[in-house]
Each structure stands twice: as structure tokens, then as C-alpha cells.
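Visitor: Have a look at this one before I ask anything.
No lab work stands behind these numbers, since they all come straight from the coordinates. Every value quoted in this text rests on a predicted model; they were computed, and no experiment measured them. Backbone-built Cβ (ideal geometry, glycine too); neighbour counts: all protein chains shown.
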């Protein structure tokens, strides 16, 4: 039987020396559920900035501590497909700027993990696929370009399900990533490497991509904050397309503030992506007040709708009670809580898989072995295609290409693709109506906490069903944040559970505000995985 | 054997440069001298391609057979747009560059690259749609047409499927008199925007192929006609009119040899009186209007003979190529069912929304189109031969319009342009825009002859000098003292002198050899340096010759 455990908060663990302290705290957590309340989680980005500006430490020192943690934890976790050789060099440049008294970008010295389907110039970018093994793009994705301009340092490329197709990161062509909370469990997916790397403090924040929940579900499994912005908020230029009408680049952080500040850095219109939006990007940072400045009912008047369909059968009882407790916490903060119904909710999953597979069957056509990537030589053109793609793609990818090709075929288009698009319109309407009545909607991020590696590998339908909480948000193009709200039993010290908050299009600001206050006031919970203690 | 097949296609992704492929000479041809014969200013009159009768031994028997059948012909025309940059990236769109030098991550289909629509493509689409009298879709979209080929980098072509930018139009044209003349209206099914693919280059030994992606992503407009044509001549004239319209609008150079205008012909025949269409055959590789005309007439004969011999079942749905050497069509590939391109809306591009004001502003900016020009010229009293010649080439038409706009008499202006000027341009291989004779001076020249300032003969001489060197009519008349002598007293003086100096000829003349009048006229004209008014000269000359003194 699962129950919610609420171990105490821990330190924010920025430098390695502090990180060593956590051994004591986490072991205390596993032995007692009534440990004393510690300070709320601190933004790593702001902490870094403060300590750099005050001269307390240097960017190189910080980078070294993270690199050494990567060295220690990576053999077990396998979050990274590639670690940059330039981290220390980049950190040195930051220190030189400080020494010269030059202005520092808001991400100066911030160590950022990047999902491997986001193009980084000259650095391997393979989408965890054999077909792109050793591929190094000649350009940076727009999000990466912006991060670099603001002083951010790319630590490396994180593991993922091949081309984003999967919910466990087991579909990587290269390695299986472990969940830092329990090495026998999956970190979720498809951005499992990015989520686990932040949870294990291998980097401060990371980028993922979210087509049907690929940022939010692993955030939930790994106990970190995962932010999926509105479709069009962040340029997709340089993101290797899985399903173009659903894909967004999203952010991971150990706090809402970190995820929000990273989102701010990468947001905005991009002339290289005609689906990017010209909507203004508000200054999110003003939302991240420190807890001392909160009023007694800081969320007074905020209308929160809890989605009825997300708490029905098929959802683990531990997840359900964690969600309900989270709802109570929001009420305590002053929110007005009501139950809302989205009648089209259950239609989303099949519609999602039709649309995503259809688009992916087209988007992955360019991987033909002709211009780049792995080519298998053949005597004849069709053989070249067959062998290059046959050997280059993994099983899950091939299955989705086949499904999508089928759904788009003459005679089936109307029954599948067109119908799925009609469902999509229905879902958008239902969300719109619910968000006219409410400021935000809440639901679990996934029906369960992290499951065992291999558990759902041979049962794709069971794995697909795990996406039920998240896919509708992509179909509607809305922003959502997932943040840890409790622990359920499992693993050495419990497994985190995430709460999903869904907002109106382009209203990330409200989500971040509510999320931040929720996080900073959540009593007793700390989301530091036990692994950090074990390796230390 | 061919284990290296396509290996050389691999490009170096860092330099973005491919291996050196075939270097193509830049055909820096003027719009008028290239592309098609009918498009050239004078050849058009002398050897319009569509005039070439099929040479496939039309026996009387075949003529008889053909009388029982009707051909149904539809044409798909791809017009390559002359935008500065490609359709979905900022690579320059220039024909003839060194292979794989005008490419970028977008048109190479690199992972993560996204298309961004060039607004000029929409503008050109609207222009052409309006010129073809189409209904415009104020809300259209792009779709992906999916198939695998090495010169198609993304594995799909961005095109328009169910909602083209323009549809339901027509085009009016005149069949040249040599082909029986007459006015025709052919339906236009649709016009849609799409991107071109790259070029595959196959080695002579066929053991490897190379790909040049310079053309990948170049914008195209595809024009689909209704199956309204009935003969090779009609089809060629239709294609010719498409080229003319594209050039009038300035959306394309329309050069067939560069592939800027490509036509695929669909053709079937049926016994006259039958409502259903016969089996459709597609003909490709038609890179001249003359070839189109001949290929279609060959194909009609081939199919009619098969019908006549009871072998109609041998006419199958297939793609045939025109073999210019053998002057016949040959099977390229048989189609097994319809290809399934799995079209679906392009999610990387927003819908194309046009406002009525935008469409209206483009409509207002359209130039006078070939059909309107032809009707206007006809109303001005020009014969159809002249009308078709002048309206054929937009530069010629503009020149002609400018000359008559400056007051020159219509028929005279037409004659000068179609006669001596056209001949000169042909000899010198120049286009009308390259010559030194300005419209102002041609108008002055015509006026000077008409008002008798100079003789027609002098006019011709001046014309060739102006063509070669430029300058003004007035200046040249003054410089060379060419003003016609119209003073009867002065002419009389010269006549008297000539007559008196040629007593022998005078006697012969007066004894009945009246042909000698020409001799005397010539001598007087010579003395006047060609400036004597010929009418006056002859009048006075006759008086003197016949005078009884």
C-alpha cells in the first residue's frame, strides 16, 4: 500500500562541500517523518549569481564541483550521452568577466544540461539515435544561442528516448538512465536524462522537450520542477522534430524559480521558427519573492480547478492522496478550489498517438542516410534506404513511423488523422471553458510514481497509458508546470510524486507564481534523492 | 559492381559543400533570346515551333483514322519563380551556381531546421492567380507531399494539396493564322505554391550518382489546366501563353532550357462522340514548345492506331518520354496504381492568410496582360499577324506601346519594329532592350518621314545608324544635311542639269525608250545626295523629258 511520506527539507546543495552534508539529512529523512522543518529550497541560479558577485567562490570552482559530482554519480545514473570538454574553459571566461568588472549575463556560470535532441554547434547531437551517431550540427538551436549569450554553460547532452519517443528513457539507442531516487527504476521520459541530472545535481538546470509529457512526467518521477511552456513561447529552431505541432522545449530546475528563469532566457519570437509567438515575455523573476515576504494567504482569490477525470480509476492511490493533499495546501494558501470536468479528457490519448505518430513519420523521413548520419551501403537505392533506416532506428521509433504512415495513408486519413484533429479541437474547447472559470487547473503529473526498469518495456500500451495526464495539454498547446508535492512508498527513501498545474495560453507567469508559493510553503517536504547521500 | 552507389551523395556537413559535381556554365541569356523559339522577337514569326507539323509519316490512311478520334489534353506547368531567395530559407536563388554552394541547414533538411515562408512567393502566386482569372483562397495552407528520393532532402516536398492559393480560372489565347487561327479559352483548374527538389546527376557509367541541392527549396508555382486542349498546336500555344504571362508578370524568366518552365502533358484519346475519357498517358521531358506539339501529335497517332487495330488495351497508364532524336515517345515507367503521397498539413508553417486589401493592391499593380494587349492592338486596326508578333514579347510590346504613345502612326510603328528592327536584332543577336534606338527617336523618325522632312530611303539609312550608334534623328539629319529637298525650283535646276548632261539618253528616251526615266531619276537623286523628294523629282523630270523644246 502506498502512502505519502513527508521527509524534511534539505539544503539546496550548491557546492560539493554542502552537498556532503546531505548524507545526514537524507538518512534522517528515511528514519523519521517528523524531522524539523528546514528552510525552503533555494534557487541555484540566484545562489550562483550571488556567490559569484560576492566573490565567495568562482565559476571554475562551481563547475569543478559539478563535474566531480558527474564523475561520481554518472557510472550509476548514466544521465549524459556527452559531457562537454569546454565546461571549465567556459567557466574561466565567466571568471575573467568578473575580474574585469564586466557585466554578467543572468545565466553567468549556470551549468545547464541539454537534451540530446536540441542542436548544439559542434557538440554531438543524436536524439539518442543510432542513425545520428557522431552527428555534430553546424549550428546552435535558438534556445542554446540565447543561453550562451546570457552566460550559461552547456554541461553536456542528456540521455533520452530515441527522438523523444518513449516515457522511460529506455528507448535510448545508447544507454539506460537510472532514477536517482532508486537506481532500479526509470527516470521517466523522454527527457529522463535531463530530469535525473537535475535531481542528482549534476547540473543546475536543464532543457528538455515536451511533446506529450516528456518534461513533466520525468520531472514527477525524479522529484524536480518541469516546466512546459505554451506552444510557440520558445523557438523550436534546432529542436529535432518529433511531432511539430506538439513539440516544445521545456525547462527543468530544482526550484520553480530556476525553471522559470531558464524559461525566460529562452523565450520569445524567433524569425527562424514561424510557429513561434510574438507575445511579450513578462519578467517572471518578480514572482519569485522570498518566503519572508509572503502574506498570510498569498494565493487569496486564485481559482483552482481540480480535474475530476485525472483522479479516477487507473491512478495509484498514493498519487491520488498526494494530489488531494496538494489541493488542500493550495486551499490553505487562499485558493478557491473547485472540481472541474473535461468531458473529452479520455479521448486525448488515442488522438495524441495518432497525431504524434503521423507527424513523426514525416519528420523522420529526412533521416535517410543520404546527406548525414549513418549510411549503410547498398547496391540499390531502395536497399540503401531500407538498411540505413532499418539499422539506424530503434524498435519504438520504427513502430511509431509505421503507425503514422498507416494513419496518413490514402483511405485512412479521414478515419485517423482527420478525426484525431477533430478530437484535438474538442479538447481545446473543453480546456478553454475550464480555464475561463479557473485561473489554473491541477492534476497528477502521472498515474504512478517511477516504475521499475524493464517493467513496461514489452507492453507499449501500458506505457502509453502513463501519458494520460499530460498529452491533452500538448494537444491544447497550453503551459503547465509539474512540481514535487509529496512522496509515496518505494525505493530506499520513498519516490517523489509531481503535481501538474495547467494555465491559460501564454500565462506562464501565473503558473510560476502559484508554483513558487506552493513550493516555498510546502511544509516538511524535501526532494533530495538518497543517491546524493550514497555517493558522498 | 555498384557498391559505391550514392556514397558520393554524402555531403560534408561542416563545410556545407558537396564534392565537385558538374560545373554548369551560367547561361546568361536574355529573356528574349532563349527559352523558346516563339519567345524570340523574330524567329517567332519565321519558325514558330508549334507550326511544325508532326513528321511521323502522316499517310492519308492515318488522317482518316484520326478523323474518328478526339484527343483530350491537360497540362501541368511548373513555373520557377525569380525571387531573390529560396521559398523557405534565405539562400540565394540563382541558376547556374557551382553545385551545393547555395545551400543551408534549412534547404539541406538538417535536423532541427525549420522553413520560413518567403512572402514574395505568396505575392507571385497571387499575381499569377489573378492573371489567370482565378478565384483566390484568402485562407490557404501548405501541405507535405511525401516520398523518398536523394534529391529531396526532407523526404517530403512542401506543397499545397486541398486548398491551393488560386483555382477555377481560365486563359484566353489566339491560335496563329498558319494553324487555322481562332480564339480559344482553356480552363485553369488551380495554381499552387511549392518548392523545387534538388538535382540528381548520374554518372555515365551508372555506378554512382551525385546530388546538387542548389535547386532544393527554389519556389515554384504549379499551374494545372483543365483537359481542354485537343491538339499539339493548342497545347503548345497554351504553354506558350503561360510563358508569356509569367514574363509579363515578371514572376519568372520562363526559360524552358534552364527548367524555369516545365510542362508535363496528360493525354488520352476517345472515339468522337464518346463521353468518357480514354486511358491517360503522361509525357515528360518536353523542353521546347515545338517538341511538345510534335510529341502530342505523335502520341495521338500512336494511340489512334492502337484503337484502330483493336489494341486499345495496349494503351496503359504510364509516363512516356519524348525522344527528340527518334521523334517519338517511349515508355519511361508504368504506374502501378496511384502513388500515395500521404499529404497532410505542414505543421511548421502557419496558414497563409490574405486580406482583400492585399489582393486588391496586387490586382491594381498588375500590368496589361497579353490577352488585353492583343485585343487592344486588334482594336487599333492591326492584323492578327502583327498583333501576335507585337504582343508575344513583353519588351517588344512595351517598346511598341511607347513608340505609339509618342504619337507615331500605329501601322508604321508596327512595320518598322517587325521589319528592319527585328531583322537587325536577329542579326546582332540582341534583345529590343539592348538596342540603342530609343522609342523617342523611332517615333521622331516615323514622324520625319511622314511629314516629308526626310525620304523613306534616308529614313532607313538613319535607322541603321541609330540602331548601331544611337543618337537623335534631328541631330543626324542636321549633321548629314539630310533634309529632303522639296523646293521645286531647286529640283528643277538639278533635273535640267542632268538632262542637259545626258543628251544621248534623252534622245533614246524620246525615241521611245521610256524606261530610261529611271536612269534620269537615279542621276538626279544622286546629285541631290538622296535628298530630293521622289514624287516631286519624278513629276518635274517627266515634264522636262517630255518637253518639246
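Visitor: What ranking do A:157, B:539 get, fewest neighbouring Cβ atoms within 10 angstrom at the top?
Guide: Ordered from fewest to most neighbouring Cβ atoms within 10 Å, A:157, B:539 come out as B:539, A:157.
Visitor: Calculate how many DSSP beta bridges within the protein assembly as shown are antiparallel, expressed in % of all such bridges and rounded to the nearest 5.
Guide: 80
Visitor: Can you sort A:120, A:158 by how many other beta carbons sit within 10 Å, fewest first?
Guide: So the residues, fewest neighbours to most, are A:120, A:158.
Visitor: Another question, if that's okay. Dividing the alpha-carbon Rg of the protein assembly as shown by 2.2 N^0.38 Å yields what?
Guide: Rg over 2.2 N^0.38 Å, computed on Cα atoms: 1.26.
Visitor: Further question on the same structure: Taking every DSSP beta bridge with both residues inside chain A, roughly what % is antiparallel (nearest 5)?
Guide: Looking only at bridges with both residues in chain A, the antiparallel portion is about 65 percent.
Visitor: Highest first, please rank the peptides A:302-315, B:441-454 by the mean number of other Cβ atoms sitting within 10 Å of their residues.
Guide: B:441-454, A:302-315
Visitor: Give me the percent relative contact order of the stretch A:217-274, please, defined on Cα pairs under 8 angstrom at least 6 residues apart.
Guide: It rounds to 40 percent for the stretch A:217-274.
Visitor: Give me the percent relative contact order of chain A, please, defined on Cα pairs under 8 angstrom at least 6 residues apart.
Guide: Over chain A, the number comes to 20 percent.
Visitor: Could I ask something else about it? Taking the alpha-carbon centroid of each part, what is the distance from the stretch B:253-319 to the stretch A:234-276 in angstrom?
Guide: 52
Visitor: If you average the sequence gap of Cα pairs under 8 Å that are 6 or more apart and divide by the length of the stretch A:139-197, what percent do you get for the contact order?
Guide: 30
Visitor: May I ask for the percentage of alpha-carbon pairs in the stretch A:277-430 that lie more than 18 Å from each other?
Guide: Here the tail beyond 18 Å accounts for 75 percent of pairs.
Visitor: Another one. Based on the Kirkwood radius over alpha-carbon pairs, what value in µm²/s does the Stokes-Einstein equation return for the translational diffusion coefficient of the stretch B:137-235 at 37 °C and 0.692 mPa s?
Guide: In µm²/s, the coefficient is 201.
Visitor: Using the Kirkwood radius over Cα pairs, work out the Stokes-Einstein diffusion coefficient for the stretch B:464-549 at 4 °C and 1.567 mPa s, in µm²/s as a whole number.
Guide: 92
Visitor: So how do B:139, B:493 line up by other beta-carbon neighbours within 10 Å, fewest first?
Guide: The fewest-first ordering by Cβ neighbours comes to B:139, B:493.
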